[in-house]
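Q: Once you've had a glance at the structure underneath, I'll fire off some questions.
The values are calculated or read from the model by the stated rules, or taken from the named source; none is laboratory data. Small disclaimer: the values here were computed from a predicted structure and weren't measured. Cβ atoms come from the backbone with ideal geometry, glycine included; neighbour counts cover every protein chain shown. We work out accessible area using only protein heavy atoms, side chains counted, and drop any ligands, DNA or RNA first. Shrake-Rupley method; radii C 1.70, N 1.55, O 1.52, S 1.80 Å.
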Amino acid sequence: MRRQQSRHAEGRGFPFVIDVRGTGVGTIGLWLRKMSEGIGIVGYSVSPAHRRRGFASDALKAITEFAWTVPGVERIELYIEPWNRGSIRAAEKAGYRNAGLLPAHQEIGGTARDMLLYSRIA
């Protein structure tokens, strides 16, 4: 969280804690590295002890509504590893649609990983 606190001041995005009745259960952020293309990127995670309760999809719905108020955001993208069924369910429940597979799209732990692209358009 400390690392994320400076992101907004740096113009890189908007980090948030997913808070449920005073307990932080995860994080979500709207990132602006593709704003020149009108694209906001959302990333999120929920702690293992709090998964499968709808917190991710609720947070996605909320940050999506927030994102449409950010000048210049016309499209929101999510990048999800194909094996991550929980994240796929959360994205679809929040109204995101699968826009295709991006082979070797993102490096994680030194390995290029395939990603599913999910998106919504304003």
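Q: For the subset of segment 38-48 comprising residues that are outside any strand (DSSP E or B) and touching a residue at least 12 places away in the same chain (Cβ under 8 Å), which member is nearest to Val70 (Cα to Cα)? Even if it seems obvious, please write down each step before you answer.
A: Looking only at segment 38-48, we keep the residues that are outside any strand (DSSP E or B), and these are 38, 47-48.
With touching a residue at least 12 places away in the same chain (Cβ under 8 Å) added as a condition, the list becomes 38, 47.
Values: Gly38: 10, Ser47: 28 Å.
That would be Gly38.
Q: For Leu32, are the conditions met, namely being surrounded by 16 or more Cβ atoms within 10 Å (Cβ to Cβ) and part of a helix (DSSP H, G or I)?
A: On the way: surrounded by 16 or more Cβ atoms within 10 Å (Cβ to Cβ): yes; part of a helix (DSSP H, G or I): no.
No; evaluated as a whole, the condition is false for this residue.
Yes or no, residue by residue, for (1) touching a His at 6+ places or on another chain (Cβ under 9 Å); (2) touching a residue at least 24 places away in the same chain (Cβ under 8 Å); (3) open to solvent by less than 70 Å² (accessible area, probe 1.4 Å):
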{"position": "Phe55", "(1), (2), (3)": "no, yes, yes"}
{"position": "Glu74", "(1), (2), (3)": "no, yes, no"}
{"position": "Leu78", "(1), (2), (3)": "no, yes, yes"}
{"position": "Gly86", "(1), (2), (3)": "no, yes, yes"}
{"position": "Tyr96", "(1), (2), (3)": "no, yes, yes"}
{"position": "Leu101", "(1), (2), (3)": "no, no, no"}
{"position": "Gly109", "(1), (2), (3)": "no, no, no"}
{"position": "Ala122", "(1), (2), (3)": "no, yes, no"}
